[in-house]
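J.: First, the structure itself, so that you have it in front of you.
Quick note: the coordinates plus some simple rules give every number you see, no bench work behind them. Computed from a predicted structure; not experimentally measured. A quick note on method: Cβ atoms are made from the backbone with ideal geometry, for glycine too, and the neighbour counts reach across all protein chains shown.
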C-alpha cells in the first residue's frame, strides 16, 4: 500500500472511530466507545505509517 492510501485510510479510520465513540457515548454503550477508540488509534497508526513511508522515500530520493 502506498503512503497516500495509508494516510487516506488512516484518516477515514480516525473519523469513523470518533463517530463510533460519540455514538457509544450517546447511547451509554461503553463497549462501542472502546471499539471506537481502538479504530481511531488504528487510524492514527496508519497515518503515521504513511508519513514514515514518505520520509523514507524522500531520503532514498536524495541519495
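J.: When the label point is put 7 Å from the Cα of residue 29 along its Cα-to-beta-carbon vector, which residues of the range 1-17 have a backbone N closer than 17 Å?
T.: Flagged as within label range: 16-17.
J.: With axes computed from alpha carbons, what is the tilt in degrees of helix 30-62 against the longest principal axis of the chain, rounded to the nearest 10 within 0 to 90?
T.: 10
J.: Relative contact order for the chain: what percent, with Cα pairs under 8 Å and sequence separation of 6 or more? Please report the intermediate quantities before stating the final value.
T.: Working: 75 pairs, mean separation 28.1, N = 63.
Dividing the mean separation by the residue count of the chain yields 45 percent.
J.: Let me ask another. Under the rule of -39500 (n - 2.57) per DSSP H run of 4 or more residues, summed and divided by the residues of the chain, what mean residue ellipticity at 222 nm is obtained, to the nearest 500 deg cm²/dmol?
T.: Working: 2 runs with 57 residues, N = 63.
Helix-only estimate at 222 nm: -32500 deg cm²/dmol.
J.: Something else: What percentages make up the Cα-Cα pair-distance distribution of the range 21-63 when the bins are 10 Å wide from 0?
T.: Each 10 Å bin holds this share of Cα pairs: 29, 26, 20, 15, 9, 1.
J.: If the elastic network links every pair of Cα atoms under 10 Å, which of 12, 26, 48 fluctuates the most in the Gaussian network model of the chain?
T.: In the Gaussian network model the winner is 26.
J.: Helix 3-26 versus the longest principal axis of the chain: what is the Cα-based angle in degrees, 0 to 90, to the nearest 10?
T.: With both axes taken from Cα atoms, the answer is about 10 degrees.
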